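One structure is given here, and the rest of the page talks about it.
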Amino acid sequence: MASYCTNCGKDIADGTRFCPACGADTMSQGSGSGYGGGDYNSGGYTPSNNQSYNQSQGLGGTLTVIMVFGVIWAVWSFLFGIACIAIMDEFLYYGGGLALTGGLSIVSGLLAILCCVFIYQQKNHMMACILCLIGSLIGLYTGLIFCGVIGIVFFILMLTKEKNRFSS
């Protein structure tokens, strides 16, 4: 009968000391059915560490969509910011405002990229949410309504639906 690792949820052979997938010590993973310490329910496995199990399943649909739109948001913000800075000399009266708008747009794009990095790593849920919210508000302020609205929707999705996929 095969056992399961409570750290990552992968199948391991009976008597295996270390999980071949994650390297966790399977002999010290607690008591339960098999060496992994999980429960066997009608042939399925329910790990004792649901958070690690969720992470081993990958990004999933919602987080993948958030990452794709996050990259689009970043590219759009970078292009908009560079365009504002490039044309600021053309508008003498509004040049300072365009430079500020361009700089803030680039910052919004950087925050979107950092948020995508945290999502990809599935670490530090709160930091990913904060970066997403700040980047969204900056996007709304600079007139990037698309980026701001998308960012706020993603902030809500990450705060509610996808929180369990992050390690912290």
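The values are calculated or read from the model by the stated rules, or taken from the named source; none is laboratory data. No experiment lies behind these values; they were computed from the predicted model shown. Neighbour counts are summed over all protein chains in view; Cβ atoms, including those assigned to glycine, are modelled from backbone coordinates with ideal geometry. These accessible areas exclude ligands, DNA and RNA; they are computed on the full protein's heavy atoms, side chains included. Shrake-Rupley method; radii C 1.70, N 1.55, O 1.52, S 1.80 Å.
General remarks:
- Distances between placed amide hydrogens fall under 5 Å for Tyr4 paired with Ile12, Tyr35, Gly36, Gly37, Gly38, all partners being 5 or more residues away or on another chain.
- Residues whose amide H comes within less than 5 Å of that of Phe18, counting only those at least five positions distant or on another chain, are Thr26 (H built at 1.01 Å from N in the peptide plane).
- Each residue of the range 97-106 is assigned a 3J(HN,Hα), and the resulting list reads x, 5, 5, 5, 4, x, x, 5, 5, 5 Hz, derived from the Karplus form 6.51 cos²θ - 1.76 cosθ + 1.60 (θ = phi - 60°), x at Gly and Pro.
- The length gained on full extension between Thr62 and Met27, counted as 0.36 nm times the residue separation minus their Cα-Cα distance, comes to 9.1 nm.
- Over the range 82-168: Kirkwood hydrodynamic radius from C-alpha pairwise inverse distances, Å: 13.6 Å
- Accessible surface, the range 96-168, averaged per residue in Å² (probe 1.4 Å): 48 Å²
- Spin-label model distance (nm) - Arg17 vs Lys123, 7 Å beyond Cα toward Cβ: 2.8 nm
- Thr160-Glu90 FRET efficiency (beta carbon distance; Förster radius 45 Å; 0.05 resolution): 0.50
- Rounded to the nearest whole Hz, the Karplus-based 3J(HN,Hα) values (6.51 cos²θ - 1.76 cosθ + 1.60, θ = phi - 60°) of the range 153-166 follow the sequence 4, 5, 4, 5, 4, 5, 5, 9, 7, 10, 4, 5, 8, 9, with x at glycine and proline.
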